[in-house]
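The values are calculated or read from the model by the stated rules, or taken from the named source; none is laboratory data. Since the structure is predicted, the reported quantities are computational estimates derived from the model, not experimental observations. With ideal geometry, Cβ positions are generated from the backbone for all residues, glycine too; neighbour counts draw on all protein chains shown.
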């Protein structure tokens, strides 16, 4: 499981203890402009991904770097419960998505809402604004 916090302009996804060991990865510190969005989804099945680094004892634990539908992703979850999915801006990281199980009492839905609320907004341009 992971905990998620936002500190200034950085999203921290913190893996603790054995989680980091199983995943062969430490915690993530991602600048918020490099995050496209956060959502909640059921985790992909272990056999639909090719493991690059990490462990896979589905349905018990899936952790590490995987190739999923041709994209490099990070998994840290167990079982079939909903997970937080963090979509990253293309080219901002080696990863396209992070799929993580969230530490209680926070839910994946609450974490996604906090992340989306903290994301920088991009200006919307209209033809009238361009003419001025």
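Things to note:
- Residue selected from segment 92-111 under the condition in contact with a helix residue (DSSP H, G or I) (Cβ under 9 Å, 6 or more places away or on another chain) and in a loop (DSSP other than H, G, I, E, B), by the criterion farthest from residue 30 (Cα to Cα): 106
- Taken together, the residues in segment 96-105 that are surrounded by 14 or more Cβ atoms within 10 Å (Cβ to Cβ) and either under 17 Å from residue 5 (Cβ atoms) or at pLDDT below 90 (or both) amount to 5.
- Selection within segment 23-36 - over 15 Å from residue 73 (Cα atoms) and either at pLDDT below 90 or part of a strand (DSSP E or B) (or both): 29, 31
- Flag if residue 76 is modelled with pLDDT under 90, within 19 Å of residue 40 (Cβ to Cβ) and more than 12 Å from the chain's Cα centre (by Cα): no
- Among the residues of segment 47-54, none qualifies, meaning not one is at pLDDT 85 or above, buried (at least 18 other Cβ atoms within 10 Å of the Cβ) and in contact with a helix residue (DSSP H, G or I) (Cβ under 7 Å, 6 or more places away or on another chain).
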